[in-house]
Amino acid sequence: MKKLTLKPSETKRFAVSTAKWLIVRESQEYLYIRSDNGERIRVDAGDTLDISSFKELEISNPHTSVINAAIQLTKHQLTTTPPAKVKFADSMAISEIRSPVTVMQIVAQRFISRGHIEIQPNSKTRLFNASVVRLEAIIQNISDTETEAMLGDKDVSAVAGLPVLGDRKAPAGMTITGGGELWAYNNSNTVLKIALLEVHR
């Protein structure tokens, strides 16, 4: 486990070695990871990222305040879980309070708007990393001309996945519940443009 303190706009780099997975255990806000090919990937607390193709890891703080984070590099994919929620069926009378009790603050759901993603014909792109804090992902096909997107896992293709056919004038969309990794494949001869919105716990 590595504890990181990143100043505003600060970037830290370190070797990946034999690690295959990055787990963001704690983070006050989202951070950016840059891969060897220059792709910038946004990660939040609870996210798990496949870094098996990385030689070096670059983590940056895009915010104007200091961010404290804890990350873990591992050879094995570990399952991360959000805090458990306990419900009591019956109530109990309280006659005396001897000391204050600290309880977990309830945090409202938050929306995260991603930049539009363009995918070239007959190619695919990862839309979202796996995340334990994401409740829903909303995807809309807003291409300039009618284009077919196929949504699914990393094996999505022209013949595998869920089709979403639409364009800017008549956008088609889909809401995906859960925090799994999601990919899109452009099953058309024109550029596919996708708008994204996330709902986090």
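The values are calculated or read from the model by the stated rules, or taken from the named source; none is laboratory data. These numbers come from a predicted model, not from an experiment. FYI the Cβ positions are ideal-geometry reconstructions off the backbone, even for glycines, and counts take in every protein chain you see. We work out accessible area using only protein heavy atoms, side chains counted, and drop any ligands, DNA or RNA first. Shrake-Rupley method; radii C 1.70, N 1.55, O 1.52, S 1.80 Å.
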Give the residue that is farthest from Ala70 (Cα to Cα), with candidates limited to residues of the stretch 1-55 that are among the acidic types (Asp, Glu) and surrounded by 13 or more Cβ atoms within 10 Å (Cβ to Cβ). Asp36
Scanning for something among the β-branched types (Val, Ile, Thr) and open to solvent by less than 20 Å² (accessible area, probe 1.4 Å), does the stretch 172-183 turn up at least one residue? no
Within the stretch 46-63, identify whether any single residue is of a type outside the set (Lys, Arg) and either at pLDDT below 65 or farther than 28 Å from Ala184 by Cα (or both), and answer yes or no. yes
For Gln77, work out the one condition from (1) within 21 Å of Arg13 (Cβ to Cβ); (2) at pLDDT below 75; (3) open to solvent by 100 Å² or more (accessible area, probe 1.4 Å) it doesn't fulfil. (1)
